[in-house]
Amino acid sequence: MDLNLDAPHSMGTTIVGVTYNGGVVLGADSRTSTGMYVANRASDKITQLTDNVYVCRSGSAADSQVVSDYVRYFLHQHTIQLGQPATVKVSANLIRMLAYNNKNMLQTGLIVGGWDKYEGGKIYGIPLGGTVVEQPFAIGGSGSSYLYGFFDQAWKENMTKEEAEQLVVKAVSLAIARDGASGGVVRTVIINSEGVTRNFYPGDKLQLWHEELEPQNSLLDILNAAGPEPMAM
Amino acid sequence: MTFTIPIDNGDALKNAETDSQRTLYPYVTGTSIVAIKYKEGVLMASDMGGSYGSTLRYKNIERVKAIGKHSLLGASGEISDFQEILRYLDELVLNDNMWDDGNSLGPKEVHNYLTRVMYNRRNKFNPLWNTLVLGGVKNGQSYLGMVSMIGVSFEDNHVATGFGNHLARPILRDEWHADLSFEDGVKLLEKCMRVLLYRDRSAINKLQISKITEEGVTVSQPYSLKTFWEFQAFHNPTAGAQGSW
């Protein structure tokens, strides 16, 4: 088993962004891996750009961090000059500028989501290469491969905030179940006209999927809890 | 995907070959564009797919856009490069309008500009990874041309990119004729798009047909084509030879 501790830090990742009637919900797992080793099991991949715009990061941890740092810096200046909060579209376009012009060197896929007074809640997907695509929902990262079918079936327009967040948590949780590069907790960020809410769903609070078992403290508890003949047919 | 290509550029000042600006491969790609001249102008058909390798990742990408008053630009290949080309053309059209002299860029001029851009990028080994189709009408004259990522540029009565070159153009060579009506033109394009849907793995069943005439540009709403599967031979193809395909 080759741990390869010299491999670059990568967020295998599952990231999701969903619009609902009034805002957006962003979601992500929390695993950062260095080869086969989990370097950080509780990372926060949903990063703030401005008060009203956040970005989900996937791919190379370093690349996604430096891109979001630059864009936060640019947006800060832009907000000062503009005199009002930056729009989600501008944020997405700044990310695009960096992603496109450095396409040969960067290896990061991003999902920009936020709320502004002009367009309401918006999600922009920015995959490798620097294409910008505005979408009602977006998925990214290695874990997203397992979610295309799920969203084709489960997505619907005009969900409520609660429905949207439940969809996001379910999706990330399903991806974690099958993608070795995703894991840990599910983090969500809800952005709307009222502000921003961060939520945290630890692994043991999530629904169990196929062939997953209820976590126990010890085998001893199982043996003791069972009746007098636990092995009888 | 966790590999990174190690790049050692050396000192950028001394080393003339800093590879930092070379497009190596496309990521999000659009498939064929098919376009024909018809009686009133040009018709252009494209699907709305953006593929990511073999995954049909995006299904709502508009790959045909109006340019100025007289042209329609369709693109296949890398979508981010197409978006960049649209930005260049935005600037071109803006400057053209700023002259405020009553003149406006026609399709021939836009095609020429794009040819120069594509060829010059090719010479620097940093191509815009697209094949572009430029159609338009100005002063009653219809125009239809194409530019590839290596700068090959030409005009014709009917053009197609990618798989369309192999599957659609033979149909067009047979069935295109001058002064097609709008209805006949649309039916001809749909015939081509249906074949592409059957035989191109990266095609999706959601297309738009765009029209440009002297009056202006119309882009249809997205729609899907019916497909036919009821050939007798399709029902039990391996009956005579179990295990064959």
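The values are calculated or read from the model by the stated rules, or taken from the named source; none is laboratory data. As the structure is a computational prediction, the values presented were derived from the model and not from experiment. FYI the Cβ positions are ideal-geometry reconstructions off the backbone, even for glycines, and counts take in every protein chain you see. Ligands, DNA and RNA are excluded from the accessible area calculation, which covers all protein heavy atoms including side chains. Shrake-Rupley method; radii C 1.70, N 1.55, O 1.52, S 1.80 Å.
Things to note:
- Inter-chain Cβ neighbour count for A:121-132, averaged per residue, equals 5 (cutoff 10 Å, partner chain atoms only).
- Here B:Tyr25 sits with roughly 90 square angstrom of accessible surface, probe radius 1.4 Å.
- The residues of chain B expose on average 56 square angstrom of accessible surface per residue, using a 1.4 Å probe on protein heavy atoms.
- Dipole of region B:147-245, positive direction: furthest Cα of B:Leu180, B:Phe154, B:Tyr198, with charges on the beta-carbon: B:Tyr198
- Value of relative contact order over chain B, rounded to a whole percent, pairs C-alpha under 8 Å and six or more apart: 25
- Nearest-0.05 FRET efficiency for A:Leu82 and B:Arg201, computed from C-beta distance (R0 41 Å): 0.35
- Take the accessible area of chain B alone and of chain A alone, subtract that of the pair, and you get about 2100 Å² summed over both chains, using a 1.4 Å probe.
- For the pair A:Glu119 and A:Ala225, a Förster radius of 51 Å applied to the C-beta separation gives a FRET efficiency near 0.40, rounded to the nearest 0.05.
- For a label point 7 Å along the Cα-to-beta-carbon line of B:Tyr88, residues of region A:100-119 with backbone N under 19 Å: A:100-104
- Modelled FRET efficiency - R0 30 Å, A:Ser193 with B:Gln221, Cβ distances, 0.05 increments: 0.45
- Dipole magnitude (debye, nearest 20) for region A:130-200, charges at Cβ of Lys, Arg, Asp, Glu: 240
- Debye-sum result for region B:96-161 in log10 I(q)/I(0), which assumes one identical scatterer on each alpha carbon, at q = 0.16, 0.18, 0.24 Å⁻¹: -0.58, -0.69, -0.97
- Assuming charge only on the beta carbon of Lys and Arg (+1) and of Asp and Glu (-1), the dipole of the protein assembly as shown about its Cα centre is about 620 debye to the nearest 20.
- Most fluctuating residue given options B:Asn120, B:Asn157, B:Asn97, as computed from a GNM of chain B linking Cα atoms under 10 Å: B:Asn97
- Low-density loop cleavage sites - GluC sites (Glu not before Pro) in region A:144-220, where at most 12 other Cβ are within 10 Å (DSSP): A:Glu157, A:Glu194, A:Glu211, A:Glu212
- Positive-end ranking of B:Thr213, A:Val88, A:Leu110 along the dipole of the protein assembly as shown, with charges on Cβ about the Cα centre, is headed by B:Thr213.
- Measuring between alpha carbons in the structure, the pairs from B:Lys69/B:Lys187; A:Lys89/A:Lys205; A:Lys89/B:Lys187 lying more than 28 angstrom apart are A:Lys89/A:Lys205; A:Lys89/B:Lys187.
- The label-point distance for B:Ser54 and B:Asp156, in a model that sets each label 7 Å from Cα toward Cβ, rounds to 3.1 nm.
- Candidates per trypsin sites (Lys or Arg not before Pro) in region B:155-245, loop by DSSP, up to 10 other Cβ within 10 Å: B:Arg201, B:Lys226
- Averaged over the residues of peptide B:51-61, the number of Cβ atoms from other protein chains lying within 10 Å of each residue's Cβ is 3.
- Most mobile of A:Leu94, A:Leu220, A:Leu26 in a GNM of chain A (Cα contacts under 10 Å): A:Leu220
- Karplus (6.51, -1.76, 1.60) ³J(HN,Hα), θ = phi - 60°, over region B:210-220, in Hz, Gly and Pro reported as x: 10, 10, 10, 9, 4, 5, x, 9, 10, 10, 5
- In Hz, Karplus ³J(HN,Hα) per residue of region A:13-22 (6.51, -1.76, 1.60; θ = phi - 60°; x = Gly, Pro): 6, 10, 10, 9, x, 9, 8, 9, 5, x
- Longest DSSP-loop-exposure-free segment, GluC sites (Glu not before Pro), chain B, at most 11 other Cβ within 10 Å: B:18-214
- Expressed as a whole percent, the accessible area of region B:28-225 that falls on carbon and sulfur atoms is 49 (1.4 Å probe).
- In a reduced charge model with +1 at each Lys and Arg Cβ and -1 at each Asp and Glu Cβ, region B:28-225 shows a dipole moment near 740 debye about its Cα centre.
- Nearby lysines by direct alpha-carbon distance to A:Lys156 (threshold 21 angstrom, same-chain neighbours under 8 apart not counted): A:Lys122, A:Lys170, B:Lys59, B:Lys206
- Note that region A:15-208 presents 43 Å² accessible area per residue, ligands and nucleic acids not counted, probe 1.4 Å.
- Top positive-direction residue, dipole computed over the protein assembly as shown with Cβ charges, set A:Asn192, A:Ile139, B:Val133: B:Val133
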